[in-house]
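One structure is given here, and the rest of the page talks about it.
The values are calculated or read from the model by the stated rules, or taken from the named source; none is laboratory data. Because the structure is predicted, anything quoted here is derived from the model rather than measured. Because the Cβ atoms are built from the backbone with ideal geometry, glycine has one as well, and the counts that use them run over all protein chains shown. Please note that ligands, DNA and RNA were not included when accessible areas were found on the heavy atoms of the full protein model with its side chains. Shrake-Rupley method; radii C 1.70, N 1.55, O 1.52, S 1.80 Å.
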Amino acid sequence: MDVIDSSLVDWSRAQFALTAMYHWIFVPLTLGLGVVMAIMETLYVRTGREFWKQTARFWMKLFGINFAMGVATGIILEFEFGTNWSNYSWFVGDIFGAPLAIEGIVAFFMESTFIAIMYFGWNKVSKGAHLASTWLTIIGATLSAWWILVANAWMQYPVGMEFNPDTVRNEMVDFAAVALSPVAVVKFCHAVSSSWVLGAAFVIGVSCWYLLRGRHTDFARASIRVACWFGLAAALITAHTGHQSGRDIARLQPMKLAAAEGLYEGGHNQGLVVVAALRPGVDWAGPDVEDSFLFNFEMPGALSFLATHDVNGYVPGIRNILEGGYKLPDGTIALSAGEKMQRGRAAIAALAAYRQAKDAAEKQAALATLRENFAYFGYGYLSSPADLVPPVPLTFYSFRIMVMLGGFYLALFAGFLLLGRWIYRWKLALLAVVLSTPLAWLASQAGWVVAEVGRQPWAIQGLLPNVAAISRLDTGAVQTTFFIFLGLFTLLLVAEVSIMARAIASGPETGNTAA
């Protein structure tokens with residue numbers, strides 16, 4: 001195997017992470033705010049009140065600003081699969097490219113068609129036709145998210161494929177298995193519902209600002225009522241799908257779960273960490289860690305129940321996963337990391353032997369060895385078992401941030417609905433809500449950190465590590481484009497915030513507009 005410069009891998013990962021995190025600033029607001037504005041236009045069509053039309057048009061204006069920025073970063077993100085991760089694209093492009101192509105051909109064109117009617121069709125089409133265009137715009141955006149998340153879920157749980165040793169490519173054999181993977185369904189529901197929470201939090205934050213300023217108070221209170229009911233439902237769905245996602249992670253990515261819980265030594269009746277601090281300097285891939293926490297408060301048996309639906313269920317820790325030897329849910333015994341790496345190297349060697357074979361018998365012998373060991377193909381590119389341990393502190397704290405902020409927003413929505421008019425007179429509470437609005441983005445980003453950092457070192461879980469997925473580029477070129485993108489994306493973000501701030505300062509239309 002060729003030796004890959006580790007700094008090239010790190011910078012390629014950093015550039016992709018930078019693009020993805022900036023892109024995800026815009027996407028959840030598009031998904032969440034789109035539903036809020038569609039609900040408000042629905043209220044306008046049902047009641048005939050101009051108030052709801054003006055309300056819908058205001059949130060629609062902010063939606064449009066954000067939508068444009070999201071498109072710009074999303075295009076760059078997809079191009080990076082070809083520029084920075086060409087080996088990945090070659091190895092699984094026949095599978096990974098399919099949902100991305102559908103997203104571009106169907107969902108994106110659906111959005112771009114109906115968004116034009118939504119913005120320019122007021123007073124030109126009927127109320128019902130305009131409402132349909134608004135809902136179809138957000139449905140198109142959500143379908144875009146569906147296909148993107150299908151592609152991402154396949155990276156976490158590769159199914160519906162077959163490896164072709166003649167082309168050295170994985171080929172799709174079951175589109176339904178890819179498109180309707182249970183991991184993809186849960187990931188989509190969790191990501192979209194959490195985006196709804198963010199959209200609701202944004203609407204409430206802007207509305208509270210108006211209440212503090214004593215402007216557009218009727219508009220603000222009506223927006224808060226809609227956003228709170230919508231946000232509360234979304235937060236409950238997010239909590240449920242988060243539990244389902246935890247089950248999938250425990251079954252398919254146990255190392256991610258162990259990192260998220262700071263679980264070095266697993267066992268039965270494992271507790272779920274609620275509040276804790278990791279001990280600095282712990283060698284999580286080391287042979288023995290006596291105490292990984294400075295302090296730790298946990299719910300007894302909760303992690304076992306999350307992972308297995310049994311409070312006495314077995315949950316492996318990092319050390320157990322590296323050493324193997326424990327019983328898996330299917331009754332087999334887990335291999336050690338070293339054994340997986342050995343079988344992965346056997347698969348890689350068998351592939352080389354197959355391609356160099358001179359006669360049919362040699363080909364068949366090599367192919368048999370390849371198929372026997374292909375499940376561990378990606379492990380053959382790793383240099384040591386320690387490579388399998390993701391950055392534990394980052395994963396651990398990101399998971400706690402995501403969960404705690406999810407609980408905060410659940411309480412916020414419920415609190416507004418329960419306290420009603422009283423909270424509108426408490427300016428300190430309104431100020432706190434305004435200042436806390438960015439926390440919705442922090443929770444959303446933290447969730448993606450858990451999902452992506454927690455599965456390292458894999459580009460495709462168990463099949464292709466990052467070190468084998470990257471393009472053979474000059475590290476300096478990747479560093480240069482990283483800083484170019486950093487500057488470009490920061491300018492886009494500053495432009496969005498500036499334009500948004502001006503639109504919010506202007507407020508909703510106050511004059512009468514014809515239906």
- Message: Given bins 5 angstrom wide, list per bin the percent of all Cα-Cα distances in region 385-515, short to long.
- Response: 2, 8, 9, 11, 14, 16, 13, 9, 7, 5, 4, 2, 0, 0
- Note on the structure: At R0 = 56 Å the Cβ-Cβ FRET efficiency linking Val275 and Asp474, nearest 0.05, sits at 0.80
- Kindly rank 487-497, 437-447, 5-15 from highest to lowest mean number of other beta carbons found within 10 Å of each residue. 437-447, 5-15, 487-497
- Task: Provide the descending list of Cα extents for region 93-230 along its principal axes, expressed in whole angstroms.
- Result: 69, 34, 19
- Item | Pair-distance profile P(r), taking every C-alpha pair of region 24-154, with 10 angstrom steps and integer % | 12, 40, 27, 14, 6, 1
- Note on the structure: Membrane-span-like helices (DSSP H runs, Cα span along own axis at least 27 Å, mean Kyte-Doolittle at least 1.6) in the chain -> 392-419
- Item | Net charge dipole size for the chain [Lys, Arg +1 and Asp, Glu -1 on Cβ; Debye, nearest 20] | 2180 debye
- For region 97-175, build the charge dipole from Cβ charges (+1 Lys, Arg; -1 Asp, Glu) around the Cα centre, then report which of Ser126, Leu143, Gln156 sits farthest towards its positive end. Ser126
- Message: Within the chain, what whole-number % of the accessible surface is contributed by carbon and sulfur, with the 1.4 Å probe and all protein chains included in the calculation?
- Response: 65 percent
- Message: Considering all alpha-carbon pairs of region 311-441, what whole percent are spaced by more than 18 angstrom?
- Response: 72 percent
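In what sequence, highest mean first, do 142-149, 303-310, 415-422 appear when ranked by Cβ atoms within 10 angstrom?
Result, highest mean Cβ count within 10 Å first: 142-149, 303-310, 415-422.
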- Span per principal axis, largest first, for the Cα atoms of the chain (Å): 82, 51, 42
- Taking Cα centroids, how far is region 107-124 from region 211-285 in Å? 35 Å
- Note on the structure: With +1 at each Lys and Arg Cβ and -1 at each Asp and Glu Cβ, the charge dipole magnitude of region 306-459 around its Cα centre, to the nearest 20 debye, comes out at 480 debye
- Query: How long are the semi-axes of the ellipsoid equivalent to region 422-477, from square roots of 5 times the Cα gyration tensor eigenvalues, in whole Å, largest first?
  - Reply: 44, 14, 5
- Message: Viscosity 0.692 mPa s, temperature 37 °C: give me the Stokes-Einstein translational D for region 413-452 in µm²/s, with Rh taken as the Kirkwood radius over C-alpha pairs.
- Response: 278 µm²/s
- Task: Find the relative contact order for the chain and round it to a whole percent, using C-alpha pairs within less than 8 Å whose residues are 6+ positions apart.
- Result: 20 percent
- Task: Output the peptides 321-327, 386-392 sorted from most to least packed, where packing is the average of other Cβ atoms within 10 Å over each peptide's residues.
- Result: 386-392, 321-327
- For region 1-74, size of Cβ-based charge dipole, Lys and Arg +1, Asp and Glu -1, in debye: 660 debye
- region 326-402 and region 446-504: distance between their alpha carbon centers, rounded to Å: 27 Å
- Task: Would you please calculate the Kirkwood hydrodynamic radius of region 173-290 over all C-alpha pairs and express it in Å, rounded to one decimal?
- Result: 17.9 Å
- Rounded to the nearest whole Å², what accessible area per residue is found for the chain with the 1.4 Å probe? 44 Å²
- Task: Send over the per residue convex hull volume for region 242-387, Cα only, as a whole number of Å³.
- Result: 121 Å³
- Item | Farthest toward positive dipole pole in region 164-242 [+1 Lys/Arg, -1 Asp/Glu at C-beta], among Ala233, Ile204, Thr167 | Ile204
- Message: Within the chain, count lysine pairs with alpha carbon atoms under 19 angstrom apart where the residues are 8 or more positions apart or belong to different chains.
- Response: 9
